[in-house]
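The values are calculated or read from the model by the stated rules, or taken from the named source; none is laboratory data. Quick caveat: nothing in here was measured; it's all calculated off a predicted structure. Here the Cβ positions follow ideal geometry from the backbone for every residue, glycine too, while neighbour counts run over all protein chains shown.
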Amino acid sequence: MEISALFIGLILSLGLYELNLALALSGSRDAVTGAGVSTEGSSVKCKLQGTTRLPAFSMDGDYVVGGVFKIHHYKQTLEYNYTSMPEPLSCTGSMDSRELQFSRAMIFAIEEINNSTELLPGIKLGYQIHDSCASVPVAVHLAFQLSNGLDPVFYKGDNCSHSGMVMAIVGDSGSTRSISISRIIGSFNIPLVSHFSTCACLSDKQQYPTFFRTIPSDQFQADALAKLVKHFGWTWIGAVRSDSDYGNNGMATFLDAAQKEGICVEYSESFYQTHPQSRIQRVADVIRRSTAVVVVAFASFGDMQILLKELSREPSPPRQWIGSESWVTNTDMLRFNFCAGAIGFGIQKSVIPGLREFLLDLSPTEVAASRVLTEFWEDSFNCRLKGAAIGESVCDGTEDIQTLQSVYTDTSHLRITNMVYKAVYAIAHAIHNAVCEDTNSATQCDKFSRIESKQVLMHLKKVNFSQNGYDVSFDANGDPVAKYELVNWQKRGSGAIEMVTVGQYDSSQPIGQEFHITRNLTWVDGGTQVPVSVCSDSCPPGTRKVLQKGKPICCYDCIPCPEGEISNATDSPDCFPCPKEFWPNAERDTCFPKPVEFLSFDEVLGIILAAFSVGGACLAIVTAAVFFYHRTSPIVRANNSELSFLLLFSLTLCFLCSLTFIGAPSDWSCMLRHTAFGITFVLCISCVLGKTIVVLMAFRATLPGSNVMKWFGPPQQRMTVVSFTFVQVLICTIWLVVSPPFPMKNLTVYKKRIILECALGSAIGFWAVLGYIGLLAVFCLVLAVLARKLPDNFNEAKLITFSMLIFCAVWITFIPAYVSSPGKFTVAVEIFAILASSFGLILCIFAPKCFIILFKPEKNTKKHLMNKNQS
């Protein structure tokens, strides 16, 4: 926008050669209108300075509507010597048949209004339609001229301003030219209603207060194009644009919308039809060398035509073209077959009754009277109406426009033409509301009412009507409701390309529902598969994206998720850890519950330990049965049968308590296993300790004069066992009250498994229980060692010594093994220690006695037991 303003300022600073505003030619001058003022008598005579540009089409009327269309593509290039006044710019180059159709559609609409009995009855609208030659200087000249009028000399009271001002202007087809025109006529409150200027910048009412349009703003089209690209999964695209307000602003809006959708742009190139051929070729080479399959082109028809011509000269890799409305719906572009599959948004197709007949109703007289129609006729039929040179054919009147295949005669895709039609009707409704009054009987219009363009501007903001089924209204920015058709260039069976409507886009719909595709699309080179255009392939679940250094965010590597983490979505930027009790599968895209592990009765280790436990208990019971059956035998009676039975009972409990360590831990099993183990082992050691003391005291009692046995009789033995056991019971009770063991899920030993185990609760309580057992065992071992040299026949102390050595060795080894064993093996180590120490006691103490009872009965006599050791 700033470029346009500077450009206009430059033109004005150079003297506005088109207007020839020689301020020194008159004593008084309106600096804006370029009207010279001289006084003759009491009237003021106003004289326009400079050369007047004749309109392409014109007609007088009560109120005049201006029109600006780029009927020709180029202006004549002039050389300035700054010594003489330059000649006016003239339009050259080929004629744009589409723009000619627009201008004729404006004439059709005005004639239709003039024949209407409801809209402006009794009032005749006139028109002045000019050719802007796709040139900003010419458009600026026309803006001034339409503000002044065509009369070279006129009388206007005492004020020359606004003398021949049009009520409103329709045009231009380019945003840059509309910006230039709107900046000038905005000072005079003249409305400009454009049919094809889509630059979002024109919605700024502070800069362009009198601008309206019947075509949606590029803001809506850019958003729609970004959603279209995202819809088909394209994240890596190329972008080309016209180096104009239309292209630059439209592409900037698109790129903002694309960035929000996560789309990356490999390149963004601009070009213009007046740029050197080398610049156009460079843009074409960028497209050929790129890796992006999809190319979004926000360019005008004229610019895009030049670029596609350059691309057609040298074959390039297939490209999926996404086009803006300006070129993708232009039927002239369908000749570029390599663009088959192109898609883009177009204005909705429409039907204007009677327009085709009007366009084809060109009489030779009418054609000959119009410079523009003459040129069109001669170019279309390749003949000359007059002044034919040698070798040129003369138009003889047999030419039939009905047979002419031209964009001018093609009314099958009335898109922008309908925008012209709606613009004229919007202006007519504004004038109607300004000069007409609706009564109950009829509409009364005052054709002699001299309204100003400011009044038309005010009423234009409020228009709201329907014409041929199409609603016309403007929002606060002068924009209509944005509705588009999605068009697709599809190949016919003959190889020709046709434009097919495959969907719609309605910005008034809720978010996410604007887009609706109704037909299948064909893609680049006529394919049926959606082309892929990405910088990097999508990262599957189980991986995460890592951006490649120095490249856009769409270029990345796929890195597997680290251990313990997953990603369950495609193109996930991060991996996230599974919950504590879950672990990823092999693909690392789903979290599964970790298997819970504990020493169970179903596994081999648990079965073996349980079998030994039950076997040990059975062995203790069998031993007790043997002792009970032979309870009167000397060997049983000599070895303190009461303590022996109590010891066998405690060993049975020791074997059975190991079963509480197998199976899933629970609150009760955790408290039971440790306390039962501690109490039964103390009971067992207390019995062994009692037997050791009895052996020592029995030997001393045999000495002359000794009466020590009266202090170690059966009551004292029972009290000793009870006392030692009570201490352990007290320790276990305090432990259970203060901080008892409890079941817990151990998540730290193994990452992939949960160990279900019993937490100690209070580690001090656990080690106090073990420590007390160890203390009694050491004490018992010391006493047994002291009694080891007693006579053999009385020497049960040797057996106790061996059993205590085994017991202490097992539990000393247990401590490091218990601390270092992982998971369920901790429990297995503890069970093994219980079983090993229990088997050590029963085998060392009772196995020799059972052997004598069962297999050496001759030694089971009082005489044998009373014999002294014959050493």
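I'd like the full set of residues that are exposed (fewer than 11 other Cβ atoms within 10 Å of the Cβ) and either under 60 Å from the mean Cα position of the chain (by Cα) or modelled with pLDDT of 80 or more (or both), limited to the range 839-871.
Phe855 - this is the single residue of the range 839-871 that is exposed (fewer than 11 other Cβ atoms within 10 Å of the Cβ) and either under 60 Å from the mean Cα position of the chain (by Cα) or modelled with pLDDT of 80 or more (or both).
Just the residues that are in contact with a Lys or Arg (Cβ under 8 Å, 6 or more places away or on another chain) and in a loop (DSSP other than H, G, I, E, B), please, taken from the range 558-593.
Kept after step one, since they are in contact with a Lys or Arg (Cβ under 8 Å, 6 or more places away or on another chain), are these residues of the range 558-593: 558-561, 563-567, 571-575, 581-583.
Answer for the range 558-593, where residues must be in contact with a Lys or Arg (Cβ under 8 Å, 6 or more places away or on another chain) and in a loop (DSSP other than H, G, I, E, B): Cys561, Glu563, Gly564, Ser567, Asp571, Ser572, Pro573, Asp574, Cys575, Glu581.
Which condition number in (1) touching a Lys or Arg at 6+ places or on another chain (Cβ under 8 Å); (2) part of a loop (DSSP other than H, G, I, E, B); (3) not aromatic (Phe, Trp, Tyr) is the one that Pro55 fails?
(1)
Given Gly526, Gly493, Gly469, which one is closer than 30 Å to Asn114 by Cα and small (Gly, Ala, Ser)? Spell out how you get there, then give the answer.
Details: Gly526 fails: closer than 30 Å to Asn114 by Cα; Gly493 fails: closer than 30 Å to Asn114 by Cα.
None of the others qualify; the one that does is Gly469.
Can you confirm whether Val500 is surrounded by 14 or more Cβ atoms within 10 Å (Cβ to Cβ), in a strand (DSSP E or B) and β-branched (Val, Ile, Thr)?
Values: surrounded by 14 or more Cβ atoms within 10 Å (Cβ to Cβ): yes; in a strand (DSSP E or B): yes; β-branched (Val, Ile, Thr): yes.
For Val500, the condition - surrounded by 14 or more Cβ atoms within 10 Å (Cβ to Cβ), in a strand (DSSP E or B) and β-branched (Val, Ile, Thr) - is met.
Which condition does Glu392 not pass, out of (1) among the acidic types (Asp, Glu); (2) surrounded by fewer than 15 Cβ atoms within 10 Å (Cβ to Cβ); (3) assigned to a helix (DSSP H, G or I), if it passes all the others?
Failed condition: (3).
Does Val626 satisfy the criteria of being β-branched (Val, Ile, Thr), modelled with pLDDT under 80, surrounded by fewer than 21 Cβ atoms within 10 Å (Cβ to Cβ) and part of a helix (DSSP H, G or I)?
Numbers: β-branched (Val, Ile, Thr): yes; modelled with pLDDT under 80: no; surrounded by fewer than 21 Cβ atoms within 10 Å (Cβ to Cβ): yes; part of a helix (DSSP H, G or I): yes.
When the stated conditions are applied, Val626 does not pass them.
Kindly provide the set of residues from the range 180-209 that are over 18 Å from Ala482 (Cα atoms) and crowded, with 18+ Cβ neighbours inside 10 Å, ordered by number.
Ser180, Ile181, Ser182, Arg183, Ile184, Ile185, Gly186, Phe188, Ile190, Pro191, Leu192, Tyr208
What do you reckon, is Phe766 in the same structural domain as Thr680 (by TED's automatic domain parsing) and in contact with a His (Cβ under 9 Å, 6 or more places away or on another chain)? Before you say what the answer is, go through the steps one by one.
On the way: in the same structural domain as Thr680 (by TED's automatic domain parsing): yes; in contact with a His (Cβ under 9 Å, 6 or more places away or on another chain): yes.
When the stated conditions are applied, Phe766 passes them.
Take the residues in the range 505-522 that are over 20 Å from the mean Cα position of the chain (by Cα) and touching a residue at least 60 places away in the same chain (Cβ under 8 Å), then tell me which one is surrounded by the fewest Cβ atoms within 10 Å (Cβ to Cβ). Give the steps one after another, and end with the answer.
The initial filter retains those residues of the range 505-522 that are over 20 Å from the mean Cα position of the chain (by Cα), namely 505-509, 516-522.
Within this subset, residues satisfying the condition of being touching a residue at least 60 places away in the same chain (Cβ under 8 Å) are 505, 507, 521-522.
Details: Tyr505: 23, Ser507: 16, Leu521: 19, Thr522: 20.
So the residue we want is Ser507.
Looking at (1) of a type in the set (S, T, N, Q); (2) surrounded by 14 or more Cβ atoms within 10 Å (Cβ to Cβ); (3) closer than 26 Å to Leu648 by Cβ, which is the only condition Ser723 fails?
(2)
Counting just the residues of the range 581-627 that are β-branched (Val, Ile, Thr) and under 53 Å from the mean Cα position of the chain (by Cα), which one comes out nearest to Arg544 (Cα to Cα)? I'd like the intermediate steps shown before the answer.
Step one: filter the range 581-627 for residues β-branched (Val, Ile, Thr), giving 590, 596, 604, 607-608, 614, 621-623, 626.
Within this subset, residues satisfying the condition of being under 53 Å from the mean Cα position of the chain (by Cα) are 590, 596, 604.
Numbers: Thr590: 14, Val596: 29, Val604: 42 Å.
Filtering first and then ranking leaves Thr590.
Can you run down the residue pairs with Cβ atoms below 8 Å, 6 or more apart or on separate chains, where the first is in the range 433-459 and under 26 Å from Phe188 (Cα atoms) and the partner is among the basic types (Lys, Arg) and outside any helix (DSSP H, G or I)?
Correct list of pairs: Asn433/Lys462; Val435/Lys447; Lys447/Lys124.
Given the criteria of a type in the set (A, V, I, L, M), at pLDDT 80 or above, outside any strand (DSSP E or B) and crowded, with 17+ Cβ neighbours inside 10 Å, does Leu100 qualify? Steps first, please.
Values: of a type in the set (A, V, I, L, M): yes; at pLDDT 80 or above: yes; outside any strand (DSSP E or B): yes; crowded, with 17+ Cβ neighbours inside 10 Å: yes.
Yes.
I'm told Gly122 meets every condition in (1) in contact with a strand residue (DSSP E or B) (Cβ under 8 Å, 6 or more places away or on another chain); (2) modelled with pLDDT of 95 or more except one. Can you identify the failing condition by its number?
(2)
Quick check on Val367: is it within 28 Å of Thr198 (Cβ to Cβ), of a type in the set (Val, Ile, Thr) and either assigned to a helix (DSSP H, G or I) or within 38 Å of the chain's Cα centre (by Cα) (or both)? Please lay out each step first, then the result.
Details: within 28 Å of Thr198 (Cβ to Cβ): no; of a type in the set (Val, Ile, Thr): yes; either assigned to a helix (DSSP H, G or I) or within 38 Å of the chain's Cα centre (by Cα) (or both): yes.
Criteria not met by Val367.
Report whether or not Asp525 is outside any loop (DSSP other than H, G, I, E, B), acidic (Asp, Glu) and modelled with pLDDT of 90 or more. Lay out the reasoning, then the answer.
On the way: outside any loop (DSSP other than H, G, I, E, B): yes; acidic (Asp, Glu): yes; modelled with pLDDT of 90 or more: no.
When the stated conditions are applied, Asp525 does not pass them.
Yes/no matrix, rows are residues, columns are (1) in the same structural domain as Tyr74 (by TED's automatic domain parsing); (2) surrounded by fewer than 20 Cβ atoms within 10 Å (Cβ to Cβ); (3) touching a Phe, Trp or Tyr at 6+ places or on another chain (Cβ under 7 Å):
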| residue | (1), (2), (3) |
| --- | --- |
| Gly250 | no, no, yes |
| Thr274 | no, yes, no |
| Ala297 | no, no, yes |
| Ser312 | no, yes, yes |
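Read through the list (1) surrounded by 14 or more Cβ atoms within 10 Å (Cβ to Cβ); (2) in a helix (DSSP H, G or I), then give the number of the only condition that Cys618 fails.
For Cys618, the failing item is (1).
Considering (1) in contact with a helix residue (DSSP H, G or I) (Cβ under 7 Å, 6 or more places away or on another chain); (2) assigned to a loop (DSSP other than H, G, I, E, B), say which one Gly346 fails and leave the rest.
For Gly346, the failing item is (2).
Conditions: (1) in contact (Cβ under 8 Å) with a residue 40 or more places away in the chain; (2) surrounded by fewer than 15 Cβ atoms within 10 Å (Cβ to Cβ). Pro317 meets all but one. Number of the miss?
Of everything listed in (1) in contact (Cβ under 8 Å) with a residue 40 or more places away in the chain; (2) surrounded by fewer than 15 Cβ atoms within 10 Å (Cβ to Cβ), Pro317 misses just condition (1).
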